[in-house]
Amino acid sequence: FHASENVENLILPNTLTTIGSKMFAESTLKFVIIPVGVTTIEQAAFEKCTALTSIEIPASVETIGDSAFMGCSKLATVTFEKGSQLKTIGGRYGSGAFANCTALTAIEIPASVETIEAAAFKGCRSLKTVTFEKGSELKTIGGGYYFSDSSDSYYYGAFSNCPITSIEVPASVETIEAAAFKGCSQLATITF
């Protein structure tokens, strides 16, 4: 269904365990039900589905890959089902799972998440509220940077360039990597 212009509504079969890489990327998909039993949403699975406005992630999902929902510019609501088993919200360099989801205003990270990788929410320019479910097991908030030949640096922090105003970092966090909150110019309060 990659780049499909015909599929707008989709109910996936209950036997599905993995949503493959680029499966629905750049399609006109507006509505999808991800079935209970899916454990992995692979890289770029829904990338640039610009008509998708909301998504519910079933509790069975353990991994959301790099750029899985990147560039879904109308994605305003991401809901994680109670009892979520999610361990990793992917992201490498500029390819975060939810990077550039410019309509996303709030996110609650499930307690089961251990790693929010680099660029996971980079460039979500409406994302003001980030909360962590009680009992959070989060260990790492990712990020990084590199220098190019022209002496310019490029950064890809988990929440870089988000208008977050305050955040409470869970007690379980062991590492906050480089540029994790770079460009968060409205961030006034960080509580550990």
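Candidates S126, S153: the one that is of a type in the set (S, T, Y) and modelled with pLDDT under 95 is S153. Looking across region 88-108, the residues that are crowded, with 21+ Cβ neighbours inside 10 Å and of a type in the set (A, V, I, L, M, F, W, C) come down to I89, A97, F98, A99, C101, L104, I107.
Filtering region 1-27 to residues that are open to solvent by 50 Å² or more (accessible area, probe 1.4 Å) and either over 16 Å from F69 (Cα atoms) or in contact (Cβ under 8 Å) with a residue 40 or more places away in the chain (or both) leaves E5, N6, E8, N9, I11, P13, N14, T15, T17, S21.
Looking only at region 87-124, residues that are closer than 21 Å to A44 by Cβ and in a loop (DSSP other than H, G, I, E, B) come to 21 in all.
Would you say L138 is more than 14 Å from the chain's Cα centre (by Cα), of a type in the set (A, V, I, L, M, F, W, C) and crowded, with 21+ Cβ neighbours inside 10 Å? Criteria met by L138. In region 61-88, the residues that are under 13 Å from T39 (Cβ atoms) reach residues that are open to solvent by 50 Å² or more (accessible area, probe 1.4 Å) and of a type in the set (K, R) with C-beta atoms within less than 8 angstrom, at least six apart or across chains, in these pairs: E62/K87; T63/K87.
Taken over region 154-192, the criterion of being closer than 21 Å to E137 by Cα, open to solvent by 70 Å² or more (accessible area, probe 1.4 Å) and part of a loop (DSSP other than H, G, I, E, B) is satisfied by A171, E174, E177, F192. Exactly one of (1) over 23 Å from G135 (Cα atoms); (2) touching a residue at least 24 places away in the same chain (Cβ under 8 Å) is unmet by I116. Its number? Status for I116: all satisfied but (1). Is region 111-125 home to any residue that is among the hydroxyl-bearing types (S, T, Y), open to solvent by 50 Å² or more (accessible area, probe 1.4 Å) and more than 12 Å from the chain's Cα centre (by Cα)? No, there is no match, as no residue in region 111-125 is among the hydroxyl-bearing types (S, T, Y), open to solvent by 50 Å² or more (accessible area, probe 1.4 Å) and more than 12 Å from the chain's Cα centre (by Cα). Inside region 57-78, residues that are crowded, with 21+ Cβ neighbours inside 10 Å and more than 20 Å from N100 (Cβ to Cβ) make up a count of 1.
Residues that are assigned to a loop (DSSP other than H, G, I, E, B) and touching a Leu at 6+ places or on another chain (Cβ under 9 Å) were ranked within region 28-45; the one that is most open to solvent (accessible area, probe 1.4 Å) is K30. Taking the conditions exactly as written (touching a residue at least 40 places away in the same chain (Cβ under 8 Å) and closer than 16 Å to I55 by Cα), does F121 satisfy them or not? Criteria met by F121. Being hydroxyl-bearing (S, T, Y), open to solvent by less than 10 Å² (accessible area, probe 1.4 Å), over 19 Å from E5 (Cα atoms) and part of a loop (DSSP other than H, G, I, E, B) is a property that does not hold for S84. When each of I107, I141, I164 is tested for being under 19 Å from V61 (Cα atoms) and modelled with pLDDT of 95 or more, the lone residue that passes is I107.
The values are calculated or read from the model by the stated rules, or taken from the named source; none is laboratory data. Since the model is a prediction, treat every value here as computed from it, not as a measurement. We place every Cβ from the backbone using ideal geometry, glycine too, and count neighbours over all the protein chains shown. Accessible surface is based on the protein model in full, side chains and every heavy atom, while ligands, DNA and RNA are left aside. Shrake-Rupley method; radii C 1.70, N 1.55, O 1.52, S 1.80 Å.
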